[in-house]
Amino acid sequence: MRGYNPDNYVGQGERSAYELPPEGEHFVKIDFVEWGRTRTDKDMIVLSLEVEGYGKVKHYIVDNGNKFWDWELGDLFDSFGIKPGDMNFLNWRDKTGMVTIKHEQVGDRTYAKVKEYILKSRQGDKPRQAAGGEPWESW
C-alpha cells in the first residue's frame, strides 16, 4: 500500500515544494484516496487532490453519523463524474472535478482547504487550465 509523504503537500512550511494555490475555483485531479480514522475514532475518507501547477491538497470527509456525509459524498460524486454510491476508491483515482479552495490560518501557517465541490452543472464550459492560464498539458 502506498504511504503518505508530507513533503508533497501544501501547507507544510519550508518542507513544501509547491506554492499555495490561490483562493477560488480550481480543477483538480484525485491523486490518492484511503480510509482513515479521526482522533475521536470516526471513519473518514482522506483525499489527496492535485491542483495543477500547485501540488496537492488533502481533504477529509468525516462520517459524523448524519446527513452531511451523504451530502458531501453526493457533491463529490457529481463534481468528479463518479457513479453515485461507488465506494471503490480505485475507480476514483485520476478523476477530475472542480472545487473551491479557501485559505485557513492555523497559528503562523496558512493552509489550502477545500470549501466545496462544484457540481458539473455549475462547471459549464470553463476551460481546464493550469496556473497562469496555460492549458493543462499533463492531464
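Throughout, read-outs are computed from the coordinates displayed, never taken from laboratory work. The model shown is predicted, which means the values in this text are computed figures rather than measured ones. Note that we place each Cβ from the backbone using ideal geometry, even for glycine, and neighbour counts take in every protein chain shown.
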Amide H partners (placed H, <5 Å) of ILE118, local residues excluded: MET98, VAL99, THR100
In whole Å, what are the Cα extents of the stretch 6-119 along the three principal axes, biggest one first? 38, 31, 22
With θ set to phi - 60°, apply the Karplus curve 6.51 cos²θ - 1.76 cosθ + 1.60 along the stretch 67-72 and write out the HN-Hα couplings as whole Hz, x wherever there is a Gly or Pro. 5, 5, 4, 5, 5, 5
Size of electric dipole in the stretch 6-119: Cβ of Lys, Arg +1 and of Asp, Glu -1, about Cα centre, debye, nearest 20: 180
Number of Lys pairs in the stretch 6-119 closer than 17 Å at Cα, excluding neighbours under 8 places apart unless interchain, is 18
14 Å reach of a label modelled at ARG122, 7 Å along Cα-to-Cβ, counting backbone N of the stretch 79-93: 79-80
DSSP beta bridge pairing in the stretch 6-119, given as percent antiparallel to the nearest 5: 95
